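Please read the structure below before turning to the comments.
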Amino acid sequence: MDASPAVTPPASAPSAAAASAAAASFAALEASLGYLAPSDIDQVRQAYRFADQAHLGQLRKNGDPYITHPIAVAQICTQWRLDAQALAAALLHDVLEDCGVTKAELTERFGPAVADLVDGLTKLDKLEFDSREQGQAESFRKMLLAMARDVRVMLIKLADRLHNMRTMADMPRHKWARISRETLDIYAPIAHRLGLNNLYRELQDLAFRHLHPWRYQALSKALARSRARRKDLIARVQGKVEAAFAHTGMEVRIAGREKTLYSIYRKMDTKHLSFAQVTDIYGFRIIVPQVLDCYTALGVLHQLYKPMPGKFRDYIAIPKVNGYQSLHTTLIGPFGTPIEFQLRTPSMDVVAESGIAAHWLYKSGDANDPAAQTLNAQWLQSLLDIQQETKDSGEFWDHVRIDLFPDSVYVFTPKSKILALPRGATAVDFAYAIHSDVGHRAIGATINGEQVPLRTELRNGDVVEITTSPHAHPNPAWLGFVRTGRARSKIRHYLKTLAQEEARALGERLLRQALRAEGYAELPPHEGDGQGVWDKLLRSTGARSRDELLIDIGQGRRIAGMVGKKLAALLAEAGQRPDALLISQERFGAPTDDQPSQGVVVLDGSEGGSIVYATCCRPIPGDRIVGYLGKGEGLVVHTEECPVGRRLLQRDRERFLEVEWAEEPTRAFDATVAVTVANGKGVLARVAAAIAAAEADITHIQMGDDGAQPTTELRFTVAVRDRVHLAQVLRQLRRTPSVLRAQRVRPPRSNDGD
């Protein structure tokens, strides 16, 4: 028990309770609202009163009234001079989630614009997700889409996160790592993508402080010591630069710049440097009146100190993707110390520090003005495009995260339009950045006048032209190398739509065949009299639509025969009688040239992704084949003697369908050929020439590593028309000098008696 007497604080020092009450009052915010009209200030005041009443009795972790948090968030927003609607939404941003207030109430009190902003900010904690990751992804998706419709949503959200990070010490310590990692992975990259440089730097440093407290403290002390040591050097450089500009009569403003602790730590970590080896900790920012003055000032600096080769960047001529503009140059200062200078105009400086919020800062006009969305408008619109094609939250986040990387390459269209793409982007990414139709129809690319593959990575300054064909379509292999979320989502959406259409056509074909075996020549129409039959069938199968049911059949998730029996029973209930003659023909009649069996699926190679030719046996026209309807795989075609197909036949006989080749297949098919050759110079060239002479294409080569042996085996995957064409290839190979043996590769027979 503490027996010391209570101490009355002096009148000049307010008590903790008084300080808390002051922080919770509207006066703390009102002092920052001088840029608003009186009517707007009144709207913000009404929002404060509503929020204060809604949060009455709620406290933060440190014991302060909860209203202090919305006030702090609104105060951060005033630094960007956001309008009254945004400030009202900042004050109300937690009332939907925490206080039981409805969106309708907010709409009635403050109008639909404020209500929509608050709704966009509301987290999804009350929804149940399969995992924490899914919940975070869904919350993030909603937030980004709300931002795409109105960027003020994200500005308020970032202000909310900044205040939470500033007060992290009041939170339980076990939450620090998760919240800090989320800040580094999501919120700081978004701030950078939107050009909010000050916010970006502070979020990174706060997250670093709580994620790695010991490293933060050690670096902080090292930086303080370095600051003291280099104080004279920085003052000397600044004095010399000021004197040089005074001599030219140019009006400039010079400010020092220091690397943040997190950026120092990240450079040390990624490049394996010690603190002493990080030389670009300090720099200068030079603000000049006009754009032309930036280049004049650059000349003055280069006369003063020698520039480092390769360390000049012109972000004025080619701005960064977030709208940032400046000239960057690194000079060799006294004692060989590298010092970076950034040169920009006042308007560029506002954009550099506040990014997309610069609209409100620089010309505090109407927030609904289209100019408010000029910075990053393309990226924000692409969020909506991706959302239309990607309903899965995790996949949406994967797409967007790709586009949050700050490194970019700048390339040109043939008409000299500049496009910014993530580093590592390819010609396919460029095609989709132009237009989705250009991406879908791309067949080749020309970079700087030279034909290149579509997977070629782009470099700064490349002039790119895409060659298209009306018959081309996206290749699934593109997903292995594209970098932009837009390209990835467009390709996936196209392939998914194409695969579903092919599966639907196959499913309809299989169901029609199954129904013929039950004595009904055609499927019932899905309109008029047949609609009721389809509705009953959908209810009994649990499918949501006719197309979904047919796609499930085509992809092997449902057995056509079972669905056909249900449909036949429903047709019988509706009074339609089966045709006994048709039943006997389908079940017992042998197909003839005049009347082929309707139960046979005819293959010509044009079927698309719904029919797959097994790579274990590589069937080609002329082979005896069987079809296996795999679950979710579509129809997989095997040769009759393939041991894999035989094992499947023993296990799932009801999933096998009768298949046969069309008389004239529409394309070539892959077959594997093993060629044993005597080692020697030019053997591979002679073998390849023999295959080409037989008019076959080589799609893959596999070579043994026994070059020291007298013989070796080469395996070629060749595209042939049919078995006759393959026999011609083998004859041509056997006539070739140095070829000892040539034969088609077949899967090894199983040892289970097949």
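Odds and ends about this structure:
- Yes/no for Ile281 being surrounded by 15 or more Cβ atoms within 10 Å (Cβ to Cβ), of a type in the set (Val, Ile, Thr), more than 22 Å from Leu184 (Cα to Cα) and touching a residue at least 24 places away in the same chain (Cβ under 8 Å): no
- Cβ-Cβ under 6 Å pairs, at least 6 apart or on other chains, the stretch 673-685 side free of Cβ contacts under 8 Å to residues at least 40 places away in the same chain, far side among the β-branched types (Val, Ile, Thr): Asn679/Thr712
- Criterion: closer than 19 Å to Cys77 by Cα, assigned by TED's automatic domain parsing to the domain that holds His210 and surrounded by fewer than 19 Cβ atoms within 10 Å (Cβ to Cβ) - qualifying residue of Arg152, Arg166: Arg166
- On the stretch given as the stretch 219-235, residues that are surrounded by 14 or more Cβ atoms within 10 Å (Cβ to Cβ) and out of contact with any Lys or Arg (no Cβ under 9 Å at 6 or more places or on another chain) total 5.
- Residue in the stretch 49-71 that is polar (S, T, N, Q) and touching a Pro at 6+ places or on another chain (Cβ under 9 Å) present: yes
- In the condition set (1) over 30 Å from Asp604 (Cα atoms); (2) in contact (Cβ under 8 Å) with a residue 12 or more places away in the chain; (3) not β-branched (Val, Ile, Thr), Gly704 is compliant with all but (2).
- If the condition is being more than 31 Å from the chain's Cα centre (by Cα) and surrounded by 18 or more Cβ atoms within 10 Å (Cβ to Cβ), then the stretch 301-330 contributes Leu301, Tyr305, Thr329, Thr330.
- For the stretch 182-273, the helices (runs of 4 or more DSSP H) that sit wholly inside it and include 3 or more residues that are over 35 Å from the mean Cα position of the chain (by Cα) are 213-229, 231-248.
- Matching entry among Phe716, Phe669 (being at pLDDT 90 or above and farther than 25 Å from Val626 by Cβ): Phe716
- Hits in the stretch 468-478 (condition: more than 14 Å from Ala431 (Cα to Cα) and in a helix (DSSP H, G or I)): Pro476, Ala477
- Filter pass, Ala499 being touching a residue at least 24 places away in the same chain (Cβ under 8 Å), surrounded by fewer than 20 Cβ atoms within 10 Å (Cβ to Cβ) and among the hydrophobic types (A, V, I, L, M, F, W, C): yes
- Being small (Gly, Ala, Ser), part of a helix (DSSP H, G or I), crowded, with 21+ Cβ neighbours inside 10 Å and out of contact with any Phe, Trp or Tyr (no Cβ under 7 Å at 6 or more places or on another chain) is a property that Ala86 has.
- You will find that of Ala517, Ala572, Ala543, the residue that is crowded, with 17+ Cβ neighbours inside 10 Å and either farther than 20 Å from Arg504 by Cα or in contact (Cβ under 8 Å) with a residue 60 or more places away in the chain (or both) is Ala517 and no other.
- Scanning the stretch 668-689 for residues that are surrounded by fewer than 18 Cβ atoms within 10 Å (Cβ to Cβ), closer than 19 Å to Arg723 by Cα and in contact with an Asp or Glu (Cβ under 8 Å, 6 or more places away or on another chain) returns a single hit, Ala674.
- If you filter the stretch 306-345 down to residues that are without any contact (Cβ under 8 Å) to a residue 60 or more places away in the chain and hydroxyl-bearing (Ser, Thr, Tyr), you find that the one that is farthest from Val241 (Cα to Cα) is Tyr315.
The values are calculated or read from the model by the stated rules, or taken from the named source; none is laboratory data. All values reported here derive from a predicted model rather than from experimental measurement. Note: ideal-geometry Cβ built from the backbone for every residue, glycine included; neighbour counts use all protein chains shown.
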